[in-house]
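These notes are about the structure you will find just below.
The values are calculated or read from the model by the stated rules, or taken from the named source; none is laboratory data. The model shown is predicted, which means the values in this text are computed figures rather than measured ones. Note that we place each Cβ from the backbone using ideal geometry, even for glycine, and neighbour counts take in every protein chain shown.
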């Protein structure tokens, strides 16, 4: 299976490096019961690609000038209104709904920071063989977020097209073109992540709550959290085999049924969080891999993302396929 690079955007603007910012976390705000306070609406958008572009070689960091220039270029490309391809009706103005580059605390050349080359590790031979067999068998279950294998029915479309999972909500969290916001709530013994995209919610018990039995599988897995100093650590397992071991918006690798995901949330300053993740899945990958990205506090509330109510695209796709079938079989 080819290894693809997520290139929806390129690189973040930045003016400061992370270590001095993280030092402020030790004196961060606390909840009424004494836990580090992570509550608020946090924006995890960045133009930084998941994998490091080949032309950057071994460079893990950019200069401030490079980041600013590439961020401006990428932002302009993202909102450019290009004519639709032949046979397509096109889309709404991208300038209205597409996120732009903005200053952040990192100048990474990729979201992935381990392996050091900023690339996904190789797939195991067994995972490659399973991927080939899965495609040859018709591609079901469909583990893509966006796209699908055919138009036979909704089950053959990606989970984001079906409003089951957002294409940027993971887990782990990876930014997409828009709606890259998560609201964090805390109460004694629990943390809740309310994701803007598709209005997904993760309820995370803290400390000694037992994990679900292996027979219970969920789209976003089953999460348990604990505190390591001022860092919230969330371990997630029990994913369904209907989602990939790792997904970007348009690409899915392997099956997540044996994936272990560890996420770390650290308050870096009054208006920033550091989000880190590590994916472990020896059935799919030859080694674990890790990434990190910054989150910036927002000053607006989250509004409902009414996915099903506005999901005319999939309805029309399937209706168009049925119309073509009737035409080819001369049915009314």
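Points worth noting:
- Per-region count, region 191-204, residues surrounded by 14 or more Cβ atoms within 10 Å (Cβ to Cβ) and touching a strand residue (DSSP E or B) at 6+ places or on another chain (Cβ under 6 Å): 8
- Test: residue in region 152-159 that is closer than 27 Å to residue 288 by Cα, surrounded by 16 or more Cβ atoms within 10 Å (Cβ to Cβ), touching a strand residue (DSSP E or B) at 6+ places or on another chain (Cβ under 6 Å) and at pLDDT 75 or above: yes
- Some residue of region 147-165 being closer than 22 Å to residue 74 by Cα and in contact (Cβ under 8 Å) with a residue 60 or more places away in the chain: no
- Among the numbered conditions (1) outside any strand (DSSP E or B); (2) more than 30 Å from residue 60 (Cα to Cα); (3) modelled with pLDDT of 95 or more, the only one that residue 119 does not meet is (2).
- Number of the condition not met by residue 252 [criteria: (1) touching a strand residue (DSSP E or B) at 6+ places or on another chain (Cβ under 7 Å); (2) closer than 19 Å to residue 290 by Cα]: (1)
- The lone exception for residue 186 - which of (1) touching a residue at least 24 places away in the same chain (Cβ under 8 Å); (2) touching a strand residue (DSSP E or B) at 6+ places or on another chain (Cβ under 7 Å); (3) not in a loop (DSSP other than H, G, I, E, B) it fails: (2)
- Selection within region 232-250: residues that are outside any loop (DSSP other than H, G, I, E, B), in contact (Cβ under 8 Å) with a residue 40 or more places away in the chain and in contact with a helix residue (DSSP H, G or I) (Cβ under 9 Å, 6 or more places away or on another chain). The member of this set that is surrounded by the most Cβ atoms within 10 Å (Cβ to Cβ) is 247.
- As a summary of the residue check, residue 113 satisfies the conditions (1) at pLDDT 85 or above; (2) assigned to a loop (DSSP other than H, G, I, E, B); (3) under 30 Å from residue 271 (Cβ atoms) except for the one numbered (2).
- Among all positions in region 188-198, there is no residue which is under 20 Å from residue 257 (Cα atoms) and at pLDDT 90 or above.
- All of (1) crowded, with 16+ Cβ neighbours inside 10 Å; (2) in contact with a strand residue (DSSP E or B) (Cβ under 7 Å, 6 or more places away or on another chain); (3) within 25 Å of residue 182 (Cα to Cα); (4) modelled with pLDDT under 85 hold for residue 68 with one exception: (3).
- Residue 144 at pLDDT 95 or above and surrounded by 17 or more Cβ atoms within 10 Å (Cβ to Cβ): no
- When 73, 31 are screened for being farther than 30 Å from residue 127 by Cβ and at pLDDT below 90, only 73 passes.
- Qualifying residue in region 275-287 (condition: closer than 23 Å to residue 182 by Cα, more than 14 Å from the chain's Cα centre (by Cα) and buried (at least 16 other Cβ atoms within 10 Å of the Cβ)): no
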